[in-house]
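Just so it is clear, none of the values below were taken in a lab; they were calculated from the coordinates. From a predicted model like this one, the values you see are computed outputs, not experimental measurements. Cβ atoms come from the backbone with ideal geometry, glycine included; neighbour counts cover every protein chain shown.
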Amino acid sequence: MQGIITFKGKEKGLEIYLDERSTYPVLREELMEKLKKNQDFFRDSDTRVVIRGKKLSEAQRKELRRVFSMDFGIRDVIYGDEADLMREAELKIEKPPVKKPEPDEYREEVELVSGAYFDAQSIFINHTVRSGQRIECEGDIVVLGDVNPGGEVIAGGSIAVFGRLRGLAHAGCSGRKDVCVAAVNMCPKQLRLSGRVVTFPDREETGGPEVAEMRDGKVVIRPVSVK
């Protein structure tokens, strides 16, 4: 059953892909197993869950919605065709122009992540990533908490941890080179930037924020001074 259920972080929440060739009972069993393994992460979450892939009957959709709500406290569950219709409706609504910030308004954030950008697919995690939990996103990831040993944060872009980074962080998993990993306390078990892998078996907690980035093909970690 490996690979029949895929979790992906998206702009406004989490996307779950159900293998189209698998039967509903098999998919339901595997989905429940994955959710139970990460129930601390999902319980009472405000995250929107979008389910794509396998075409489900109305009864099956209602059953999964009931399970998400009753067992895991997730009430915002929609299916791919519903999400596409909502997106199409949103695009038809005229929105006021967004004020472009002046340089002084974002100088501190840019300095903290060493010039990395946060695109429309970035996600924010407002809690600690515990052992056994795996966060994935095609864009950038910001964690407002710690990443514990055994926790994994994997991003196509950059990663910023406003806490202790003690698990695995992989920035640039899609091959991007202009990425970095920033943390208030940088002591990961393993750090990956694009194709480079660095391990820190005995690194102690640091006294301030640091950023890891690529320079001349090597991973360099330097302190960051936030004014």
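Among LYS8/LYS34; LYS34/LYS177; LYS37/LYS177; LYS34/LYS62; LYS8/LYS54, which pairs are too far apart, with a Cα-Cα distance over 23 Å?
The pairs that break the limit, which is 23 Å between Cα atoms, are LYS34/LYS177; LYS37/LYS177.
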Quick one, what does Rg over Rh come out to for the range 137-208 if you take C-alpha atoms and the Kirkwood Rh? 0.94
At a Förster radius of 30 Å, what calculated FRET efficiency corresponds to the Cβ-Cβ distance of ARG75 and ARG21, to the nearest 0.05? 0.50
Burial-style ranking of 152-163, 25-36, average other-beta-carbon count within 10 Å with highest first, yields 152-163, 25-36
Ordering 52-60, 171-179 by per-residue average of other C-beta atoms within 10 angstrom, highest first, gives 171-179, 52-60
Once the Cβ-Cβ distance between LYS36 and LEU144 is put in as r, and R0 is 30 Å, what FRET efficiency do you end up with, to the nearest 0.05? 0.75
Length added when fully stretched, THR6-HIS127, from 0.36 nm per residue minus Cα-Cα: 41.4 nm
